[in-house]
Structure formats: C-alpha cells, structure tokens
Amino acid sequence: MTYGLNFQAWCVFLMVMHHVPVERCADILESMSGTRPSDGWVHGLLGRAAAAVAAANNTIRALILLARVVCGDETPVRAGPGPKSRKKYLQVACTELLTYYFLGDRDLASFKSFVYSDLYGAVIVHDRYQNYDAFDGVAHQLCCQHILRDLEDAAQTYPDAIWPGQTADALRALIHQVNLARSQGLAAVPGEAAAEYLKLFRHGVAVGLSHVRRVPGAKTKQPPALHLLECLRHREDDVLRFLTDTAIPTTSNQAERDLRPAKTQQKISGRLRSEATTRDRYAVRGYASTAAKHGHQIFTAIRDALSGNPWIPPVPVDA
C-alpha cells in the first residue's frame, strides 16, 4: 500500500512537533484514516524527512555563520542505548529567524564540531559555561538572566549584604536603558543614560569582592559568589556588551525557547533509543522551527519537503 504525502506529513508532524511516540502515532493515524501503518514504516519517515530537509538545513547553517549575533545553549537529552544515567547533549545555535541543532556531548570536541569554530566576527550570547570561550574571532554577551539568577542566589546566601541587590538593580536599569534605546532606533545606549547605573554596578561588584574573600588553597573550592563577582569585574565588557550595540540581546532566552521542546519530549516519551534517529528528529525540528519563525505553516513546510520541494530560508540582502 502507498500512503499519500498528507498521511506521511502527519506522521512526521506528530512525532517531531508533538513528541508522539511511534506506536501511538500509528494508532492515531489508524483512528483518522481507518488504515494502520506499520511501526517500522512510521519510524522510517524520520530518516526520510531528515534527508528531505538537508538542503534547507545547509542553508540555515550558512546563514547562522553569517549572522551578527547568535544565541547558543545546550541541554541534556536521553538518547541512544545505555544505562538510564547516560546522556547526550543537544546544542542549539539560533537567531530570531534561524534554528540549528546539533547532538553531541558537552565537551569541547562537540562544541568544535558544531558551528562555533566557523563563526567569525559574530557575538555569541550564552551562559557562563567555559566551552563558549574557547573560540577565537568572536565576541561574547553573557546571558544577563543567568547573572540575575546568580545574584539572587548570592542575596539568599548573604542575606545581610547590600551588594547583590544593588548590582542586580543596576543591571536591570542598564537593561531598561538598552530597551529604551532600541525602541528609539538608536545603535547604542547614550553614555549619559548609562553612566549613573554603571557607577552603581561597579560599586556593587567592588563591595562584593571586598566581602567575599578567596578561600586559601590552590585546590580549595571557592564560593560561587566569588566566581560570579570575578566574572562581573574581569568580564564587564562581555556582561554589558549590549550597551554598545542595541542589536545584541541581553539574554540567551531565544536559545532556551528553542531547546524547550527537547525537555517536553523527554517528559512525554522518555529516552530516544537511537542517536541517529534523534539527529534526524532535530534536523526536521530545526527546519520546522526556522520555517515557523518566517511565518510559514509547519505542516505545509514538512509536506513540501517530503514532496521534494523543501522551503529554503531566504538569504538577507545584506549577507
């Protein structure tokens, strides 16, 4: 029996976009059509769909490499054979219009196998995970949302200290200033608008460093607040880079949003048994996410790909 394109597209749509397990997907399609496809046939569609969107994903990767600003993040996923504790890491590099995934580990080799080694002149927006700092030719914007969470933790650890609240309030004020500048069409935050809050921010960091001392011993574990404060002092340019360019987002929330479906999938259907099929799944997911960011219907984009006519993201005129 030959199944039509709509039937095939529904299978891929349900598995990739709604995390429906293979057997359950076959059951749903039987209830819709009166015909139950085999589990093997349904599962095989993931590989077919990934091959069908390969050209689009090559374009997405190329456009990521051309982007001025790229958000990055990673999250653990249970994929492939092995004990319950064995995990892989799903990485994402994205913009407001592009989504590109990579399944690997959390080590530097995996980061080098992703897009970061090929980026040049871009700003990467990310958390404070050290592997993002291993690449030459790029600038960094540390996620302010993560920093604010760490400052909140410091406020709970040192309840009598003023510096966590002062530093956090000053950072929020600077974020507000960049939002105002962006809404006014300015390329950067005017110096006079940021000066007072910069002074408060730096003073809060200085006071914190005077209170949170380094514990003696080369191998002694240091307080998390000390690592945070040293980052805020020594990497101030990377914390506040958004002041110099309003096109730079203050957080990596876009990347977190693009990774959230992976968390949902793990809760719904658990471990993905095959690493290869997991890569196929997220090849389709990245294509579908990018199409949706451009205002296209996901089901239609999947159907077009399966028909041999995948949607290809347009190349910006200034690329």
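The values are calculated or read from the model by the stated rules, or taken from the named source; none is laboratory data. Computed from a predicted structure; not experimentally measured. Cβ sites come from the backbone with ideal geometry, for glycine too, and all protein chains shown count toward neighbours.
When the residues of segment 124-142 are filtered to those that are surrounded by fewer than 22 Cβ atoms within 10 Å (Cβ to Cβ) and among the aliphatic types (A, V, I, L, M), which remaining residue is nearest to L240 (Cα to Cα)?
A139
Considering only segment 223-304, give the helices (runs of 4 or more DSSP H) lying wholly within it that have at least 1 residues that are buried (at least 18 other Cβ atoms within 10 Å of the Cβ) and in the same structural domain as L148 (by TED's automatic domain parsing). Walk me through it before giving the result.
On the way: elements: 224-234, 236-239, 253-269, 275-293.
Because the criterion is at least 1 residues that are buried (at least 18 other Cβ atoms within 10 Å of the Cβ) and in the same structural domain as L148 (by TED's automatic domain parsing), the helices (runs of 4 or more DSSP H) in segment 223-304 that meet it are 224-234, 236-239.
Where in segment 84-192 are there helices (runs of 4 or more DSSP H), lying fully within it, with 3 or more residues that are in contact (Cβ under 8 Å) with a residue 24 or more places away in the chain and either aromatic (F, W, Y) or within 17 Å of V205 (Cβ to Cβ) (or both)?
144-157, 163-183
Take the conditions modelled with pLDDT under 95, under 16 Å from the mean Cα position of the chain (by Cα) and over 24 Å from L228 (Cβ atoms) and apply them to D105. Does it pass?
Numbers: modelled with pLDDT under 95: yes; under 16 Å from the mean Cα position of the chain (by Cα): yes; over 24 Å from L228 (Cβ atoms): yes.
Yes.
Considering each residue of segment 233-279, count those that are of a type in the set (G, A, S) and within 21 Å of A193 (Cα to Cα), and give that number.
1
Quick check on this structure: which one of L90, L46, L29 is assigned by TED's automatic domain parsing to the domain that holds T290, buried (at least 16 other Cβ atoms within 10 Å of the Cβ), at pLDDT 95 or above and of a type outside the set (G, A, S)?
Numbers: L90 fails: assigned by TED's automatic domain parsing to the domain that holds T290; L29 fails: at pLDDT 95 or above.
Just a single option satisfies the conditions, and that option is L46.
What do you reckon, is L180 of a type outside the set (S, T, Y), modelled with pLDDT of 95 or more and in the same structural domain as G72 (by TED's automatic domain parsing)?
When the stated conditions are applied, L180 does not pass them.
Identify the residue in segment 305-316 that is touching a helix residue (DSSP H, G or I) at 6+ places or on another chain (Cβ under 8 Å) and surrounded by fewer than 19 Cβ atoms within 10 Å (Cβ to Cβ) and, among all such residues, is nearest to Y287 (Cα to Cα).
Selected residue: I312.
Contact list please: Cβ distance under 6 Å, first residue in segment 13-25 and in the same structural domain as P37 (by TED's automatic domain parsing), second residue at pLDDT 95 or above and basic (K, R), pairs at least six apart or on different chains.
If the second residue must be at pLDDT 95 or above and basic (K, R), the pairs left are V16/R281; V16/R285.
Here is a check on your reading of the model: is T220 within 19 Å of D127 (Cα to Cα) and either aliphatic (A, V, I, L, M) or outside the structural domain of Y129 (by TED's automatic domain parsing) (or both)?
Considered against the rule, which asks whether it is within 19 Å of D127 (Cα to Cα) and either aliphatic (A, V, I, L, M) or outside the structural domain of Y129 (by TED's automatic domain parsing) (or both), T220 comes out as no.
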